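The values are calculated or read from the model by the stated rules, or taken from the named source; none is laboratory data. Please read all numbers here as calculations on a predicted model, not as lab measurements. Note: ideal-geometry Cβ built from the backbone for every residue, glycine included; neighbour counts use all protein chains shown. Just the protein is used for accessible areas: all its heavy atoms, side chains included, with ligands, DNA and RNA removed. Shrake-Rupley method; radii C 1.70, N 1.55, O 1.52, S 1.80 Å.
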Amino acid sequence: MGSNLLILIYLLASITFIIGLKMLSHPARARRGNLIAAAGMTAAIAGTIFLYKDENGNALHNYAWIFGGLLIGGTIGTIAARKVKMTAMPEMVSMFNGMGGACAALISVVEFGHLMHGLQSAPGLTVIDAAFQSGLRQHLLIIVAGLVIGSISFAGSMVAWAKLNGKIKDFVFKGQHLFNIALLLIILFMSVYLIGWLPAGGVSLFYIILGLSLIYGVFFVMPIGGADMPVVISLLNSFTGVAAACAGFLYDNIAMLTGGILVGAAGTLLTILMCKAMNRSLLNVLIGSFGAGNKSTGGIKEHGNYKEISLSDAAMIMNYAHKIIIVPGYGLAVAQAQHSCHELEKVLEAKGVEVTYAIHPVAGRMPGHMNVLLAEADVSYDKLQEMEQANEAFPATDVALVLGANDVVNPAAKTDPSSPIYGMPILDVELARAVIVNKRSMKPGYAGIENDLFFRPKTSMLFGDAKKVLQDLIGELKAL
């Protein structure tokens, strides 16, 4: 009875995962979808703790360790989620994703120990014969796959976290990509050898594979930087999902398997969509690595002069506009100015101005960063325009207000074949009648290149912290 009930709980949990993922496709339902999926996961965990029994009918008994881990992990996760700033959200996602990969790798380590203990204790059989006769090759394949993928995901995610956090910089050396390929081939060769022949020194080889996978994860992400980081985060997320699915296979756990497959598939699809949004292949992202070591070769003099605009003049232009499109970027997140931005929107609308937002697929430091940022300030989802929709609207727009965005509005992506971002689809803000760009300084963006937009005749620079600038703009508009 208990076993059948547990299977039913796993099945219901799997259904909640699918429903939750479906609801995440729309911001209005996303919160509810998260809660539904979380409820399913809670039920699956509780069912495992209280209803699970092994093949000998033994239930779990180490409740102190189980609930101790749940309490510690739950407390740390809750505090981290509540205290994290929106600017730090990408690195938190990377860290939590890395923890998932580490869990999958540790499961493989534990299960490999159990497997080897069982094979070595098989009466009258050598280790190799026991493996073949027990039909455990497939079991070993899943263990090694979970180990390699989980270890790469963990190490790579930790490097991504450190790079986004500013703790380490991009690291590139001559022949690094060839080194990475050679290291990956060595890992694959050792894995095939271990699975196919299971040598007497299999335990040592297993841990060598673990160590090499961790090293590969580090060098895999090290050279990637700049505007490619959102793609890497998404890719590593899919790795963790696949590793979790391997753990689901090991334990014949429907909920874990479904959850892993959903995460792996969603991460893969998101990676493909983001590459498409950047007009680059995944191979080009992993090998080209624009933003990693690419610095602007030109100075301000080569682009001409830029012009500044005062707060009062900017307020005057916006006050008499009929349509304004706001383009949020990472600078908006850094300044924690999303609430001020929403207040500006309400002030303008009270004056009869139509206000919408243009969202580039790779704006910010992770997929959907700007969407989450604006949702936190209660900006209506109906006002968020995707890149294609916004680009159609820019020619009929009076003012494009760029807040901290840089690379995603750089016309060099369309006009300069020598630019490292050439070919990447951008938001065509230069088509608006007037462009106001808010930045702290003329420093290049995350991809490390100068922005031609700042030197265009229709562009005016409004320097300063985004939050203070927006608050001052609001004050100026109210005074008009």
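For this structure, a couple of remarks:
- Residue-level accessible surface for residue 7, protein heavy atoms, 1.4 Å, Å²: 90
- Inter-label distance, residue 177 to residue 346: 5.0 nm, where each label sits 7 Å from its Cα along the C-beta direction.
- Vicinal HN-Hα couplings computed from phi for the range 98-105 (Karplus, 6.51 cos²θ - 1.76 cosθ + 1.60; Hz; Gly/Pro x): x, 5, x, x, 5, 4, 4, 5
- Between the range 230-288 and the range 389-410, the alpha-carbon center distance in angstrom: 31
- Low-density loop positions, chymotrypsin sites (Phe, Trp or Tyr not before Pro), the range 2-52 - DSSP coil, at most 15 other Cβ in 10 Å: 52
- Model label sites at residue 306 and residue 339, defined 7 Å from Cα along the beta-carbon direction, differ in position by 2.9 nm.
- Protection proxy ranking, peptides 174-182, 412-420, 321-329, 397-405, average beta carbon neighbours within 10 Å, highest first: 397-405, 321-329, 412-420, 174-182
- The chain - charge dipole about Cα centre, Lys and Arg +1 at Cβ, Asp and Glu -1, debye rounded to 20: 520
- The length gained on full extension between residue 186 and residue 276, counted as 0.36 nm times the residue separation minus their Cα-Cα distance, comes to 29.3 nm.
- Heavy-atom surface analysis with a 1.4 Å probe gives the range 1-83 a carbon and sulfur content of 70 percent of its accessible area.
- Taking the Cα centre of the range 1-83 as origin and assigning +1 to Lys and Arg Cβ atoms and -1 to Asp and Glu Cβ atoms, the resulting dipole is close to 580 debye.
- Placing unit charges on the Cβ atoms of the charged side chains and taking the dipole of the chain about its Cα centre, the candidate lying farthest along the positive direction among 368, 25, 92 is 92.
- Under the criterion of Cα pairs below 8 Å and six or more residues apart, the relative contact order for the chain equals 14 percent.
- Per residue, the chain exposes 48 Å² of accessible surface when a 1.4 Å probe is rolled over the protein heavy atoms with every protein chain present.
- Cα-projected label distance for residue 46 with residue 15, points at 7 Å along beta-carbon direction, nm: 1.7
- Efficiency of FRET between residue 378 and residue 458 - r from beta-carbon atoms, R0 25 angstrom, step 0.05: 0.20
- Shape class for the range 1-83: oblate, because the ratio a/c of the largest to smallest gyration tensor axis (alpha-carbon atoms, square roots of eigenvalues) is 1.5 or more and b/c is at least a/b.
- Sites residue 32 and residue 197 - FRET efficiency at Förster radius 51 Å, r taken between beta-carbons, to 0.05: 0.50
- Between 59, 157, 231, the Cα set farthest toward the positive side of the dipole of the chain (charges on each charged residue's Cβ, about the Cα centre) is that of 157.
- Residue 402 long-range amide H proximity, modeled H, under 5 Å: 327, 436, 437, 438
- Normalising the average separation of contacting C-alpha pairs (under 8 angstrom, six or more residues apart) by the number of residues puts the relative contact order of the range 365-429 at 27 percent.
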